[in-house]
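Chemist: Can you read through this structure? Questions will come right after.
The values are calculated or read from the model by the stated rules, or taken from the named source; none is laboratory data. Values in this document were obtained by computation on a predicted structure and should not be read as measured data. So basically every Cβ, Gly included, is an ideal-geometry build from the backbone, and we count neighbours across all protein chains shown. With ligands, DNA and RNA removed, areas are computed over all heavy atoms of the protein, side chains included. Shrake-Rupley method; radii C 1.70, N 1.55, O 1.52, S 1.80 Å.
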Amino acid sequence: MIKIFSVAVIGAVSFVLLKKYSPEFTVIFEIGAVVFLIFFIYPYLCDLIDLIKTYGADSGVNAEYINIIVKALGISLVTQFSSDMCKDAGETALASKTEFAGKVIMIASSVPIIKTLFELTVRLIDAG
């Protein structure tokens, strides 16, 4: 945990100093700092994914649905990261389009769950 916060603080201080003297390299430096952070949090992400899959399997939920949920979580994290990077670079329009694209991809990847919900709804209506 200390490594993560150390990289974040050192990155932030370096980012401020670099921005003052060489603003054209700030985005590249920020991406590098984020890559280091991702490297440190990767084991935690793997543990979280394993936990979700284990609880999903123990609860009897279809494994395909659990995989969709994990994929949606990944898409949301990557989308948030990309959007924040665009905002930091001053590209707010690109950031909002990135968020929109992430939402569309999440909905598209959730089609099997949506289809199952529609089928369940139709069966409930027909049974009633």
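Chemist: Please report the orientation-averaged projected area of the range 1-71, defined via the convex hull of its C-alpha atoms, in nm².
Modeler: Averaged projected area of the range 1-71's Cα convex hull equals 5.9 nm².
Chemist: Helix 26-59 versus the longest principal axis of the chain: what is the Cα-based angle in degrees, 0 to 90, to the nearest 10?
Modeler: Computed tilt is about 20 degrees.
Chemist: Less than 13 Å Cβ to Cβ from I75, Lys/Arg counted +1 and Asp/Glu -1: what total charge do the surrounding residues give?
Modeler: +1
Chemist: In sequence order, what are the phi-derived ³J(HN,Hα) couplings for the range 6-12 according to the Karplus relation 6.51 cos²θ - 1.76 cosθ + 1.60 with θ = phi - 60°, rounded to whole Hz, with x for glycine and proline?
Modeler: 5, 4, 5, 5, 4, x, 5
Chemist: Right, something else. Once the convex hull of the C-alpha atoms of the chain is built, how many Å³ does it hold per residue, rounded to a whole number?
Modeler: 123 Å³
Chemist: Quote the relative contact order of the chain in percent (integer), defining contacts as alpha-carbon pairs under 8 Å separated by 6+ residues. It would help to have the intermediate numbers written out before the result.
Modeler: Details: 63 pairs, mean separation 23.3, N = 128.
Relative contact order of the chain: 18 percent.
Chemist: Can I ask one more? The range 66-104 to the range 1-63: how many Å between their Cα centroids?
Modeler: Value for the Cα centre distance between the two parts: 15 Å.
Chemist: Averaging over every viewing direction, what projected area does the convex hull of the Cα atoms of the range 46-112 cover, in nm²? List each step's numbers first, then the result.
Modeler: Values: hull surface 19.0 nm².
Result: 4.8 nm².
Chemist: Determine the per residue accessible area of the range 1-91 with all protein chains present and a 1.4 angstrom probe, expressed in square angstrom.
Modeler: Computed with neighbouring chains in place, this is 72 Å² per residue.
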